[in-house]
Structures are given as structure tokens and as C-alpha cells.
């Protein structure tokens, strides 16, 4: 059993590297077997098809990322701290998995069905529902602690601002001289800029 676990881990690690480098269509099973240090027949014994192996790899990567993000959600945080936590933890977690955006983009191109299933499954495993955040935003609006806004749009804006630099990294770094969007310096500044931009836009206006 221990040997099986070691072999599966080697296969998944090799497949993850190659899928990230070449995508599902570009990676070949023989390449994965070679990188894992096993023969192709053994690879097919553990994973009968490239599609199944890709599903396992993608699911593992995405679950690791979202477990990190969802684990930071605290129901009792004041809203200013909550916004800062979302921004900081989202960027921190995706910076640990910088190539995850390639998986996400490939899945979106295919319609996003598998991506949606994995996200919903991860949320369920964490006893988390998307309306928890939307309800929190609405409660803050009702208590006049933030101005009247559309809760879904606020969450889409937050996620979009955090995710975009990682998705557009090759373009951003070509058109803006001297920038490295995955450097510690840029990410620190990015987190602060997003937080201040969002908070200054939603905090209540003094009467």
C-alpha cells in the first residue's frame, strides 16, 4: 500500500509539471511515465486515461488553493478586516500556485463544468456556502457600515482584481517596463492598492 502511494504521488507530481508546461492536449502519457521514472504500462495501471489523470491533477491543485482561501474566512471579522483578509489571503494563496491560472483558463475555454463542480465540492467539504459572504455584505449595508452596493458585484470585483495580474502576467510585463507581477514587492503593493481602492469605494460617507 505504501509503495502504491509513492508511485501514485510520483505520477501525479510528474503529470502536474507536464500539464502545467504543455496543457492536457500537449502532454503525452509516455512523457509523464518517463518523468515519473516508471513504464507506460504501470502508468495506465494507476490511471487508465490521460483525461482521468488530468482530472485528478486539476482537482488536487484547485482544492489545495480553495482550501487555503476558504480557511481564512471568519464570520465574526469586522468588515474592513474582512476585505483586507480576502485580498491578502487570495493573493497569497494564488502566488503559491502561480500556474494554477493556466488550468483555470483551459477549463473555462471548455465551458467550466469541471471547474464549477470542483469549487462547489470544495465549498461543501469546508461547510461553506457562497451566500455566507453575500449575506455578510448585505448585513453591513443594512447596518449602514458600508454604503449601498451590489454584493455579487463587489465579490466579483475583489476576485477579479486579485486574479487578473496572474492571468495577464505575460502581457503586463511586456507593456509595463520593469514590472514583475509575481515579485514580493509588487504583490505587497498590489494587496495594499486593492484594499484601499475597494474600502475607499464602499466605506460610508461622513454626514
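The values are calculated or read from the model by the stated rules, or taken from the named source; none is laboratory data. Computed from a predicted model, the values in this text were never measured in an experiment. All Cβ positions, even for glycine, are placed from backbone atoms using ideal geometry, and neighbour counts span all protein chains on display.
Tell me, yes or no, whether the range 50-63 has at least one residue that is modelled with pLDDT under 90, closer than 30 Å to residue 139 by Cβ and assigned by TED's automatic domain parsing to the domain that holds residue 113.
Yes, that holds for at least one residue.
Do any residues in the range 110-133 that are surrounded by 12 or more Cβ atoms within 10 Å (Cβ to Cβ) have Cβ atoms under 6 Å from those of residues that are outside any helix (DSSP H, G or I), where the two are at least six apart or on different chains, and which pairs are they?
Matching pairs, first to second residue: none at all.
In the range 1-57, what count of residues is obtained for those that are under 19 Å from residue 106 (Cα atoms), assigned to a loop (DSSP other than H, G, I, E, B) and either touching a residue at least 24 places away in the same chain (Cβ under 8 Å) or in contact with a helix residue (DSSP H, G or I) (Cβ under 6 Å, 6 or more places away or on another chain) (or both)?
The qualifying residues number 1.
Okay, residues lined up against (1) touching a residue at least 24 places away in the same chain (Cβ under 8 Å); (2) under 21 Å from residue 62 (Cβ atoms); (3) in contact with a helix residue (DSSP H, G or I) (Cβ under 7 Å, 6 or more places away or on another chain):
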position: 142; (1), (2), (3): no, no, no
position: 147; (1), (2), (3): yes, no, yes
position: 165; (1), (2), (3): yes, yes, yes
position: 175; (1), (2), (3): no, no, no
position: 185; (1), (2), (3): no, no, no
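Tally the residues that are assigned to a loop (DSSP other than H, G, I, E, B) and either at pLDDT below 90 or surrounded by 15 or more Cβ atoms within 10 Å (Cβ to Cβ) (or both), restricting the search to the range 183-207.
Applying the first criterion (assigned to a loop (DSSP other than H, G, I, E, B)) to the range 183-207 yields 183, 203-207.
Narrowing the set further to residues that are either at pLDDT below 90 or surrounded by 15 or more Cβ atoms within 10 Å (Cβ to Cβ) (or both) leaves 204-207.
Total satisfying the criteria: 4.
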